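This report concerns only the one structure given below.
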């Protein structure tokens, strides 16, 4: 590989830099604040507090300490050679976010925002959750820091992810099933926003993905940058080079933006986001927002959106409860338009194939969300051939998905 | 300069607050919403807000959410909005549109403004568009002579109130409470304070919405604001058809006439 790959990435994920949005939160034309005036004060307060905190050595040291002593960072980088035999012989490496406390990358952002909540003197936290991973991570951080926690979860998802509902309750959170709209993640966010506008003085909305009105996209990204920074150093140490491609699943896009940013200034590294192709793009039942959507506003930012001719949001579908979101973080829209990242999709069937394959070849059960990235890696491997080096963000573990998987593979019928 | 100025000149001339009634276009059907809106005007609404049913109405409570869902399920299309506005205008009513921004963005901000103006609409209330993000809308509203009604909230800073009213025309929409739409027993005590803070920055009329449902509440709000905005209560009374919304409009119209006129 060329020497330019060896330039170390910025080690401090919190320092302002060239990839930050403008002062109003715009990444190119995307992002911004398409929010009710009633919430602008809270967003301004959050921006001001975050801008101070990111430059405050005490805050960043406390965040780093929690990531190390509580979340268990750094997470491992694991090579997956038996899995890679199915990927055209390319070498495949897994960034093991599944090994973090609570079982996914979500804990990074949650610990950062929970610390900010305390700095702002707020006592109550609300969150939305799809698969339940962000809800569990939020309930965990609130238990750790003594904050009241309310999690909004689509009624459909409370049924798909009953185990995570139980975990949140055990951790002391109140889980409110959302019965409006499509009863999934999008509607959980709507309901959380309605709560926030009503209780904004006492409450922080701990948004779980790199979307929403400014400063959420840049703040959530920065809390997840640790994934990419660690992975880059680990990859160099293990292989002496950088990957050809970094693959990550994209729903709202938080794990992807976190790992992408470790490599964003390495022009030789392809950044590949894998969206949920559901039952197949041609069926219309999917969540491939960047691949199939068009610019529009949802939940406070201009980005890509699945919408009809009239600008009504189209409900997304995926077998994975964490990916069926019709919007996506605005920085991904900008990375797509500027061709710095590329976005593809993997169907339910491709993801479930990769889910089973990783389990059987490596003894690692991935989240169905992350299985989309694995499915993408299988294809990338075929394209790159035996010289290819692929880094996959294994964003979460699959324990929560056992019921879905058992039904999908017919395990219940066998027993 | 805008088409709304005569509405408030008249109500101010009569020494009373204006009554503004909201109903989503296409609720329960396109024709049904036209009849309801005409009834509301006939029975005393000085102005109607024609809502655009939207899939993700984050500022709305359960009543308006359900109405939007009903309209969308009945097949409402954005172009039907112009049909409704045109019918109301031709019947002599005054109408503005209240819409979340994405449907306008998708239609094209200039094209939407052109078509709304052609249908006789006087302006647009934008619950999730702040002036900071509204460059396209500022230009299109100027070009097509539409009024821009932005919102101020109890949480707005003095600085934000000043910049918001500077970008507004027609009137300013003050949200009475921190929260979503829906009828309440009491209109927040924050409303009067917000109106007072807003008056310090503008001579535009100030309308107060969120929570008003009775003649007595309308009278209370009209004692400190230039307009009383009623939404969810009309949507609820629409279940009884035109007589229901007419009865409510009449009660509220009495309310704004019994109040002591605002100073300003």
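The values are calculated or read from the model by the stated rules, or taken from the named source; none is laboratory data. All values reported here derive from a predicted model rather than from experimental measurement. Neighbour counts are summed over all protein chains in view; Cβ atoms, including those assigned to glycine, are modelled from backbone coordinates with ideal geometry.
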Exercise for review: Taking residue A:410 as meeting all but one of (1) buried (at least 24 other Cβ atoms within 10 Å of the Cβ); (2) without any contact (Cβ under 8 Å) to a residue 40 or more places away in the chain, write down the number of the exception.
Suggested key: (1)
Review point. Which residue, of A:118, A:123, A:169, is free of Cβ contacts under 8 Å to residues at least 24 places away in the same chain and on the phi < 0 side of the Ramachandran plot?
Key: A:169
Review point. Of all strands (runs of 3 or more DSSP E) completely enclosed by region B:124-229, which ones contain at least 3 residues that are touching a helix residue (DSSP H, G or I) at 6+ places or on another chain (Cβ under 7 Å)?
Key: B:172-175
Check your understanding: Is it the case that region A:118-128 has a residue that's within 28 Å of residue A:319 (Cα to Cα) and part of a helix (DSSP H, G or I)?
Key -> no
Point to revise | Selection count where residues are within 14 Å of another protein chain (Cβ to nearest Cβ) and either surrounded by 20 or more Cβ atoms within 10 Å (Cβ to Cβ) or within 21 Å of residue B:27 (Cα to Cα) (or both), scope region B:116-133 | key: 7
Practice item. Would you mind stating whether residue A:229 is on the phi < 0 side of the Ramachandran plot, surrounded by fewer than 24 Cβ atoms within 10 Å (Cβ to Cβ) and in contact (Cβ under 8 Å) with a residue 40 or more places away in the chain? Key: yes
Revision key, fill the gap. Note: among A:70, A:30, just one is surrounded by fewer than 24 Cβ atoms within 10 Å (Cβ to Cβ) and under 23 Å from the mean Cα position of the chain (by Cα), namely A:70
Practice item. Kindly provide the set of residues from region B:36-77 that are over 17 Å from the mean Cα position of the chain (by Cα), facing another protein chain (nearest Cβ under 8 Å) and crowded, with 24+ Cβ neighbours inside 10 Å, ordered by number. Key: B:55, B:56
Check your understanding: Taking region A:36-67 as the region of interest, how many residues are loosely packed, with under 15 Cβ neighbours inside 10 Å and within 14 Å of chain B (Cβ to nearest Cβ)?
Key -> 1
**Study point:** Which listed residue, of A:212, A:293, is on the phi > 0 side of the Ramachandran plot, within 14 Å of chain B (Cβ to nearest Cβ) and modelled with pLDDT of 95 or more
**Key:** A:212
Check your understanding: Name the helices (runs of 4 or more DSSP H) wholly within region B:69-120 that hold at least 3 residues that are touching a helix residue (DSSP H, G or I) at 6+ places or on another chain (Cβ under 6 Å), closer than 20 Å to residue B:54 by Cβ and in contact (Cβ under 8 Å) with a residue 40 or more places away in the chain?
Key -> B:78-90
